[in-house]
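One structure below.
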Amino acid sequence: MSIEGVVGTTQYLTFKLDDEVFALDISKVREVLDFTNITKVPHTPAFMRGVINLRGSVVPVVDLRLKFGMSKTEQTVNTCIIITEVTVDNETTILGALADSVQEVLDLESNNIEPAPKIGIRLNTAFIKGMGKQHDKFIIILDIDKVFSIEELTQVQSGQSGLVGEAVQAVS
């Protein structure tokens, strides 16, 4: 069975949120960082935990657990930030996503990926690219470009630019 957008073998970065394993197409991942201090930005959505300084750039950090209706990510020795490229309406945003832990880079063939489940018309599963199968377990393959709406990314970006403006004013 072939999934739209998944042809042949694709590499995925797998990570855990609670007890579930998720995956991102490796081409959307820039790097994985150890957990670091996150600066909270006022008036942003609850899932936006704040921003980090990544080699002089301000990068927003989101908590995927909160976005998916789970409890807040708690810091442990395994907690990390996955730096991703999110493209919505032809605009690319660099975003950090909190994960409980990163597992591995995994090669999945298209015949080991099932379509996203149809859970009815009221639940949006457009952000699920497919369900990977490995060793009798499912891996939820995310389409990171569809996890956040354009409105949510605008809020994240405005929180990011607001913090940069405040930092510039504080230095002046």
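The values are calculated or read from the model by the stated rules, or taken from the named source; none is laboratory data. Quantities reported herein were computed from a predicted structural model and do not represent experimental measurements. Counting neighbours? That spans all protein chains shown, and the Cβs are built from the backbone with ideal geometry, glycine included.
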Regarding region 67-79, can at least one residue be identified that is closer than 30 Å to residue 109 by Cα and surrounded by 20 or more Cβ atoms within 10 Å (Cβ to Cβ)?
no
Odd one out for residue 113 among (1) touching a strand residue (DSSP E or B) at 6+ places or on another chain (Cβ under 6 Å); (2) surrounded by fewer than 16 Cβ atoms within 10 Å (Cβ to Cβ):
(2)
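Determine whether residue 14 is among the hydroxyl-bearing types (Ser, Thr, Tyr), assigned to a strand (DSSP E or B) and buried (at least 21 other Cβ atoms within 10 Å of the Cβ). Lay out the reasoning, then the answer.
Details: among the hydroxyl-bearing types (Ser, Thr, Tyr): yes; assigned to a strand (DSSP E or B): yes; buried (at least 21 other Cβ atoms within 10 Å of the Cβ): yes.
Judged against the criteria, residue 14 is a match.
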Could you please let me know if residue 125 is part of a loop (DSSP other than H, G, I, E, B) and in contact with a Pro (Cβ under 9 Å, 6 or more places away or on another chain)?
yes
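Of a type outside the set (Gly, Ala, Ser), out of contact with any Phe, Trp or Tyr (no Cβ under 7 Å at 6 or more places or on another chain) and free of Cβ contacts under 8 Å to residues at least 24 places away in the same chain: does that describe residue 77?
Working: of a type outside the set (Gly, Ala, Ser): yes; out of contact with any Phe, Trp or Tyr (no Cβ under 7 Å at 6 or more places or on another chain): yes; free of Cβ contacts under 8 Å to residues at least 24 places away in the same chain: yes.
Yes.
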By residue number, the members of region 16-58 that are within 12 Å of residue 80 (Cα to Cα) and either among the basic types (Lys, Arg) or in contact with a Cys (Cβ under 8 Å, 6 or more places away or on another chain) (or both) are 16, 32, 33, 34, 35
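Tally time: how many residues in region 59-70 are in contact (Cβ under 8 Å) with a residue 40 or more places away in the chain and either farther than 17 Å from residue 29 by Cα or part of a loop (DSSP other than H, G, I, E, B) (or both)?
Filtering region 59-70 for residues in contact (Cβ under 8 Å) with a residue 40 or more places away in the chain gives 59-60, 62, 64-65, 67-68, 70.
When the remaining residues are screened for being either farther than 17 Å from residue 29 by Cα or part of a loop (DSSP other than H, G, I, E, B) (or both), the result is 65, 67-68, 70.
Adding up the residues that qualify gives 4.
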Filter result (more than 11 Å from the chain's Cα centre (by Cα) and hydrophobic (A, V, I, L, M, F, W, C)) within region 49-88:
51, 52, 54, 58, 59, 66, 70, 77, 80, 88
Evaluation of residue 40 against (1) in contact (Cβ under 8 Å) with a residue 24 or more places away in the chain; (2) exposed (fewer than 15 other Cβ atoms within 10 Å of the Cβ) (one fails), failing number
(1)
Going residue by residue through region 141-157, is there one that turns out to be in a strand (DSSP E or B), in contact with a strand residue (DSSP E or B) (Cβ under 9 Å, 6 or more places away or on another chain), modelled with pLDDT of 85 or more and under 22 Å from residue 64 (Cα atoms)?
yes
